[in-house]
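The values are calculated or read from the model by the stated rules, or taken from the named source; none is laboratory data. Quick caveat: nothing in here was measured; it's all calculated off a predicted structure. Counting neighbours? That spans all protein chains shown, and the Cβs are built from the backbone with ideal geometry, glycine included. Heavy atoms of the whole protein, side chains included, go into the accessibility calculation; ligands, DNA and RNA do not. Shrake-Rupley method; radii C 1.70, N 1.55, O 1.52, S 1.80 Å.
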Amino acid sequence: MYPMRREGHRDNESFQMKLLLKFTLLAVATLCPTPCMAADGRENANPDLTKGERIPDGATHDWNLGATGARGWMYSEQFSTYRARQIAITGIAKGSPADGILKQGDVILGVAGKPFPEDARVEFGKALTLAESEEGKGRLSLLRWRDGNTESIVIQLPVLGTYGPTAPFDCPKSDRILKLGCEALAKRMLDPEYRGNAITRSLNALALLASGNEQYLPVIKREAKWAADYHTTASQSWWYGYVITFLSEYVMATGDESVMPGLRRLAMETANGQSVVGSWGHGFVDAQGRLGGYGMMNAPGLPLTISLMLARQAGVRDPAIDRAIDRSAKLVRFYVGKGAVAYGDHAPWMQTHESNGKCSMAAVLFNLLGEPESARFFNRMSVAAHGAERDYGHSGNFWNITWALPGVAQAGPEATGAWMDVYGAWYFDLARQWDGTFRHQGPPDLKPDKTAGWDTTGAFLLAYAWPLKNLVLSGRGGNDDLHIDAATARSLIDDGKGWTRHDRNGFYGSLSEAELLERLDSWSPIVRERAAIALAAKSEAPIDKLLEKLNAGRLESRLGACQALAKLGVRAAPALSELRQTLQADDMWLRVLAAEAIAAMGEAGMPALPELLEQMARNGPSDKDPRGMEQRFLSFAVFTTMLRKHSLEGVDRDLLCKAIAVSLRNEDGKARTAAASLYDRLTYDELRPLLPAIYDAIVEPAPSGIMFADGVRINGLQLLARHQDPRAPRLALDLMEINRWGKRGRVEGCIKALEMVGDAAKPLLPELRQLEKDLKAHREANTKVLKPSIERLEKLIEALEGL
């Protein structure tokens with residue numbers, strides 16, 4: 001989720017746009033009143049607007065159609081517009097190039113006199129790019145349907161030129177877009193009513209600063225004063241990173257020390273708002289030093305870390321700043337070579353090369369830190385992320401687009417040129433409005449987009465300004481060591497192809513066994529994962545060839561082999577011996593993937609259980625693995641996968657309990673909960689030596705993995721309650737925390753524990769009655785979140801009163 005609070009942009013312009021769009025689409029639907037009916041009688045979601053079929057109910061997302069000044073609705077599904085072949089015009093800006101040529105209710109059927117052969121959004125974007133070139137002479141030829149008639153029309157656009165092969169580097173068109181956009185943006189920012197939220201406002205000011213044009217300094221200075229005074233107590237983690245980044249760059253660019261007190265205050269609040277493991281969530285830590293909600297979130301955490309680095313370079317010096325940067329970098333560094341940076345403190349994201357901009361953020365971060373190997377991995381991930389991988393993002397792709405070019409640009413001009421050619425050019429040109437500004441387009445078919453209507457002018461202009469290197473963020477004073485050549489850039493682009501949201505496996509499924517085996521050697525964990533999935537879908541499993549890779553010297557090949565063997569599941573059983581040997585490999589992640597492949601075999605992998613338990617018992621936190629990551633992932637492999645349905649008969653209880661004890665001390669709440677899932681399958685006598693560790697895991701919440709951290713506490717509480725431990729009643733009350741996120745399962749679990757202890761809970765009756773009052777006064781009292789628990793508590797109180 002993303003921050004929902006807005007700070008007022010032109011009298012809530014976003015709300016007005018949504019309202020206008022709603023009525024516009026209703027008007028278009030009125031012009032096309034007949035629902036499109038499928039053969040089975042259901043309404044067809046993809047209407048033919050030229051046959052009187054209407055836009056589906058609830059469709060409220062239209063698109064900016066580039067510099068035409070028009071907006072249009074397109075059909076979308078599966079987070080894609082791949083089936084759209086028509087564009088329903090929903091609005092025209094007065095005085096724009098489309099004014100008088102298009103009108104509301106028109107339907108665009110194609111470009112250059114031909115119907116759209118593929119995705120109308122992509123085809124329209126590419127037509128815009130061609131029309132704005134010298135070759136296109138500004139003539140955008142469209143196939144327009146109006147009132148039953150279809151004809152070709154032309155919208156005259158300004159000629160901006162052609163994107164160069166290394167755009168936005170050494171690219172006159174990019175320079176023109178930057179110049180026109182900054183002029184329009186500065187004019188908007190001079191408006192006394194200009195507001196915007198803290199993110200977009202900071203990015204807008206940063207873009208003007210990045211332009212290097214001194215005529216914008218007065219408005220930039222005014223924005224710096226606003227930023228220095230900025231403060232909020234809601235969702236600070238989201239807003240502060242961008243405010244601090246702008247202020248830091250402003251100080252370094254201008255030498256204006258007047259804003260330093262504000263910059264220092266913001267930076268120190270951020271550093272002190274970090275959790276002990278180095279993470280931030282929706283907000284800063286609470287009074288107990290823990291994150292609220294569902295804990296760690298990398299989408300705000302990475303920009304905060306970047307901003308603290310810039311603040312430090314701008315002159316904010318404090319050990320807390322250094323500590324916060326080091327802790328956060330340690331968290332993100334874990335993902336190098338393993339996959340995309342995850343949502344929170346989770347396993348690497350393996351579906352796509354990008355996870356809503358976080359790999360691109362990491363590329364910038366590690367370049368600033370002077371860690372070329374980490375930066376190289378993440379900028380390669382950034383280059384490979386295009387098309388469907390950029391088109392979507394959790395609760396909106398604002399971050400995916402904002403950080404795209406900054407991440408790609410770490411790899412140099414050949415990388416940006418290749419990325420712009422395959423995706424950026426048409427996408428950016430479609431998003432650019434006729435006055436040179438940009439507004440967030442959002443992903444197709446996503447409800448809700450938490451960033452809908454945001455002004456993205458600054459975000460896009462920063463991409464065009466990147467080659468100027470006027471910011472430390474964009475490379476001022478840096479080096480070009482990470483730059484790649486054209487052939488490498490094209491290869492990285494190819495690594496990102498073959499995956500769409502509507503067809504995730506088709507391309508890889510069409511490849512031969514030899515081609516898939518070759519892809520298992522890729523630098524990209526995502527390519528290896530896709531190849532592994534496709535190999536597992538084939539009827540014959542190439543075990544011998546996978547074993548050759550597993551025994552090869554190249555780490556990527558060995559990792560790829562483990563990924564494929566894990567996907568094969570029980571069919572990988574012939575590889576058990578080699579996988580058991582791989583458990584002793586030097587590389588930690590290779591050992592983890594080997595364990596996951598063994599666990600995926602089910603019964604066939606059980607001979608390796610003693611080795612895995614021994615590995616878990618000895619692989620807690622260490623100098624090489626201070627966060628106990630190997631032990632964490634082994635917990636998932638063994639407790640969650642291997643032993644979930646398997647009998648514990650014959651399992652060495654002493655060894656099992658040692659592994660459980662180490663897991664209960666892991667800093668990750670999910671790993672602790674995985675261990676606690678075995679409580680019910682062991683006798684109380686077997687668990688007795690673990691009771692101190694079980695109790696500690698109840699009273700000392702996990703510092704990370706907070707989304708899953710209540711499981712181990714509730715499991716432990718109910719274990720104590722079931723065996724009438726006198727500590728259970730008080731623990732049950734203390735664990736309620738009815739105002740903390742995730743209360744539904746926690747409150748019900750605590751009440752269940754009180755039911756288990758019977759009359760031992762009677763001394764707590766006064767507190768239970770107060771709890772009942774508090775729950776009934778809660779804002780969620782009459783919802784499914786708390787209502788069942790309230791009813792259960794009422795029955796418990798009644799029973800205790802009758803004792």
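Of all helices (runs of 4 or more DSSP H) completely enclosed by the range 628-683, which ones contain at least 3 residues that are over 20 Å from LEU593 (Cβ atoms)? So that I can check it myself, show each step before the final result.
Details: elements: 629-635, 653-663, 669-676.
So the answer is 653-663, 669-676.
Can you report the number of residues in the range 305-321 which are assigned to a helix (DSSP H, G or I) and open to solvent by 40 Å² or more (accessible area, probe 1.4 Å)?
Adding up the residues that qualify gives 3.
Filter the range 422-448 down to the residues that are among the acidic types (Asp, Glu) and touching a helix residue (DSSP H, G or I) at 6+ places or on another chain (Cβ under 8 Å), then identify the one that is surrounded by the fewest Cβ atoms within 10 Å (Cβ to Cβ).
The qualifying residue surrounded by the fewest Cβ atoms within 10 Å (Cβ to Cβ) is ASP435.
Considering only residues that are touching a Phe, Trp or Tyr at 6+ places or on another chain (Cβ under 8 Å) and among the hydroxyl-bearing types (Ser, Thr, Tyr), look in the range 78-95 and name the one that is nearest to GLY387 (Cα to Cα).
My answer is THR81.
State the number of residues belonging to the range 43-92 that are within 11 Å of ASP445 (Cβ to Cβ) and assigned to a strand (DSSP E or B).
Adding up the residues that qualify gives 2.
Just one of the numbered conditions (1) in a helix (DSSP H, G or I); (2) open to solvent by less than 10 Å² (accessible area, probe 1.4 Å); (3) in contact (Cβ under 8 Å) with a residue 60 or more places away in the chain is not true of ALA363; which one?
It fails just one condition, (3).
Residue-wise test of (1) at pLDDT 95 or above; (2) under 22 Å from the mean Cα position of the chain (by Cα); (3) not aromatic (Phe, Trp, Tyr).
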position: GLY412; (1), (2), (3): yes, no, yes
position: TYR423; (1), (2), (3): yes, yes, no
position: LEU430; (1), (2), (3): yes, no, yes
position: ASP435; (1), (2), (3): yes, no, yes
position: LYS447; (1), (2), (3): no, yes, yes
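Suppose we filter the range 375-417 for residues that are under 24 Å from GLU529 (Cα atoms) and either of a type in the set (Phe, Trp, Tyr) or open to solvent by 10 Å² or more (accessible area, probe 1.4 Å) (or both); how many remain?
10
Identify, from the list ARG312, ARG290, ARG264, the residue that is modelled with pLDDT of 95 or more and more than 20 Å from ALA198 (Cβ to Cβ). Before you say what the answer is, go through the steps one by one.
Numbers: ARG290 fails: modelled with pLDDT of 95 or more; ARG264 fails: more than 20 Å from ALA198 (Cβ to Cβ).
Result: ARG312 is the single residue among ARG312, ARG290, ARG264 that is modelled with pLDDT of 95 or more and more than 20 Å from ALA198 (Cβ to Cβ).
Looking at the structure I just gave you, is ALA84 in contact with a Gly (Cβ under 7 Å, 6 or more places away or on another chain), under 25 Å from PRO448 (Cβ atoms) and among the aliphatic types (A, V, I, L, M)?
Spelling it out, it is not the case that ALA84 is in contact with a Gly (Cβ under 7 Å, 6 or more places away or on another chain), under 25 Å from PRO448 (Cβ atoms) and among the aliphatic types (A, V, I, L, M).
Restricting to the range 759-803, what's the tally of residues that are over 23 Å from ASP725 (Cβ atoms), in a helix (DSSP H, G or I) and touching a residue at least 24 places away in the same chain (Cβ under 8 Å)?
Residues flagged as over 23 Å from ASP725 (Cβ atoms), in a helix (DSSP H, G or I) and touching a residue at least 24 places away in the same chain (Cβ under 8 Å) within the range 759-803 amount to 6.
Which one is surrounded by the most Cβ atoms within 10 Å (Cβ to Cβ), of the residues in the range 192-219 that are free of Cβ contacts under 8 Å to residues at least 60 places away in the same chain and not in a helix (DSSP H, G or I)?
ASN213
Counting just the residues of the range 497-521 that are out of contact with any Phe, Trp or Tyr (no Cβ under 9 Å at 6 or more places or on another chain) and surrounded by 20 or more Cβ atoms within 10 Å (Cβ to Cβ), which one comes out nearest to HIS394 (Cα to Cα)?
Per the criteria, the residue is LEU520.
Among (1) in contact (Cβ under 8 Å) with a residue 24 or more places away in the chain; (2) within 29 Å of GLY669 (Cα to Cα); (3) of a type outside the set (Asp, Glu); (4) open to solvent by 20 Å² or more (accessible area, probe 1.4 Å), there is one condition ALA287 misses while meeting the rest; what is its number?
For ALA287, the failing item is (1).
Can you tell me which of (1) free of Cβ contacts under 8 Å to residues at least 24 places away in the same chain; (2) crowded, with 20+ Cβ neighbours inside 10 Å; (3) assigned to a loop (DSSP other than H, G, I, E, B); (4) not small (Gly, Ala, Ser) is the one GLU123 doesn't meet?
(3)
For the list (1) surrounded by fewer than 22 Cβ atoms within 10 Å (Cβ to Cβ); (2) among the small types (Gly, Ala, Ser); (3) closer than 17 Å to TRP403 by Cβ, I need the number of the one condition that ALA463 fails.
Status for ALA463: all satisfied but (1).
Is at least one residue of the range 455-463 within 25 Å of ILE244 (Cα to Cα), part of a loop (DSSP other than H, G, I, E, B), in contact (Cβ under 8 Å) with a residue 60 or more places away in the chain and under 20 Å from the mean Cα position of the chain (by Cα)?
Yes, because at least one residue in the range 455-463 is within 25 Å of ILE244 (Cα to Cα), part of a loop (DSSP other than H, G, I, E, B), in contact (Cβ under 8 Å) with a residue 60 or more places away in the chain and under 20 Å from the mean Cα position of the chain (by Cα).
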